[in-house]
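Step one of this worksheet: look at the structure below.
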Amino acid sequence: MRYIELGRTGMKLSHLSFGASSLGSVFHATDECESIRAVEAALEGGINFIDVSPYYGHYKAEIVLGKALRSIDRSMYFLSTKVGRYGKDGVNTWDYSGRRATESVYESMDRLGVDYIDLINVHDIEFQASFPGGLQKVAEETLPALVELRDKGVVGHVGITDLQLSNLQWVIDHVPSGTVESVLNFCHYCINDDALADYLDYFESHGVGVINASPLSMGLLTSRGIPAWHPAPRALVEACARAAEFCASKAYPIEKLAIQYSVSNPRISTTLFSSANPANVARNIGWANEEPDWQLVSAVEKIIGNQKRVTWSNT
């Protein structure tokens, strides 16, 4: 496992890290005991960064993760959670107000059983972009509330997350230097879409660390195919399915290649994956510690062809 500093935070993160969304039964029903073992397997394999959100499973992911962390020394991991996006009784809600952001941090700490958060993120800011106040509210209200908590020592560092790279840049451009210390972007540094690479110079010039997420592109780069809710256009889905079949013919699972590709860029501090299965966690760690077959990467990129960098909206 390699450890790379996240921007200027001083936090050296494992190049593969654990996303706890699966613990919230986001993708399918999960067993709580197995979920806890998955967290333990991640830490035992050298992972030292865990990311979660109150949104995942409508608080369930934080609750289950909190149970897993009870028996683990706090110095063994860096912990990240989020504010702004929530859910209750199966209904999604968004609240990017400074008041709610502050309340949310303390609520998350209670669910997680910790007395501080290493990294607090504003979750999926593109949703606020469509609400009154737009991204200006994130810049002028949400982030200042989190910076105040950082100044008090309640949280260590402050970041923002989004699918849309342009939104991340807009917010960084409209807040004082040092406000945003990291960004979390997903589905933009994987075999079918490497658009995040275009922004690395920008983020580095502003001292902002980069977290990549979803190396399997939310299921596009898997042998079983996408879940029914996936928003990708049909042509992209079909191209990725052909790529998965080609990898299978070479006895090299596309999941393996996808994870290896996503962790290969040393300018990206870490790549998040999620699984509530401890065997899958151990397998992914093993894959991530190996160099990809770059000839196979090139072949897959050719199969994806003109669908490369085709994206979608998260809202």
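The values are calculated or read from the model by the stated rules, or taken from the named source; none is laboratory data. Please read all numbers here as calculations on a predicted model, not as lab measurements. Ideal geometry is used to build each Cβ from the backbone, glycine not excepted, and the neighbour counts take in all protein chains shown. Keep in mind that these areas ignore ligands, DNA and RNA; they rest on the heavy atoms of the full protein, side chains included. Shrake-Rupley method; radii C 1.70, N 1.55, O 1.52, S 1.80 Å.
Odds and ends about this structure:
- Matching entry among A228, A241 (being out of contact with any helix residue (DSSP H, G or I) (no Cβ under 8 Å at 6 or more places or on another chain) and outside any helix (DSSP H, G or I)): A228
One line per residue, one yes/no per condition, for (1) out of contact with any strand residue (DSSP E or B) (no Cβ under 9 Å at 6 or more places or on another chain); (2) basic (K, R); (3) under 17 Å from A276 (Cα atoms):
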{"site": "D51", "(1), (2), (3)": "no, no, yes"}
{"site": "N92", "(1), (2), (3)": "no, no, no"}
{"site": "S104", "(1), (2), (3)": "no, no, no"}
{"site": "D118", "(1), (2), (3)": "no, no, no"}
{"site": "K137", "(1), (2), (3)": "yes, yes, no"}
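- Members of the stretch 70-86 found to be open to solvent by less than 50 Å² (accessible area, probe 1.4 Å) and either touching a strand residue (DSSP E or B) at 6+ places or on another chain (Cβ under 8 Å) or hydroxyl-bearing (S, T, Y) (or both), listed by number: Y77, L79, S80, T81, K82, V83, G84, R85, Y86
- Residues of the stretch 5-58 satisfying the condition of being among the acidic types (D, E) and touching a Gly at 6+ places or on another chain (Cβ under 8 Å): E5, D51
- Hits in the stretch 194-206 - residues which are over 19 Å from A243 (Cβ atoms), touching a residue at least 24 places away in the same chain (Cβ under 8 Å) and open to solvent by 10 Å² or more (accessible area, probe 1.4 Å): A197, D198, Y199, Y202, E204, H206
- Of all residues in the stretch 162-183, those being open to solvent by less than 10 Å² (accessible area, probe 1.4 Å) and in contact (Cβ under 8 Å) with a residue 40 or more places away in the chain number 5.
- All helices (runs of 4 or more DSSP H) inside the stretch 121-161 with 3 or more residues being out of contact with any helix residue (DSSP H, G or I) (no Cβ under 6 Å at 6 or more places or on another chain), open to solvent by 20 Å² or more (accessible area, probe 1.4 Å) and at pLDDT 95 or above: 143-152
- Residue within the stretch 298-315 that is of a type outside the set (A, V, I, L, M) and in contact with a Ser or Thr (Cβ under 9 Å, 6 or more places away or on another chain) present: yes
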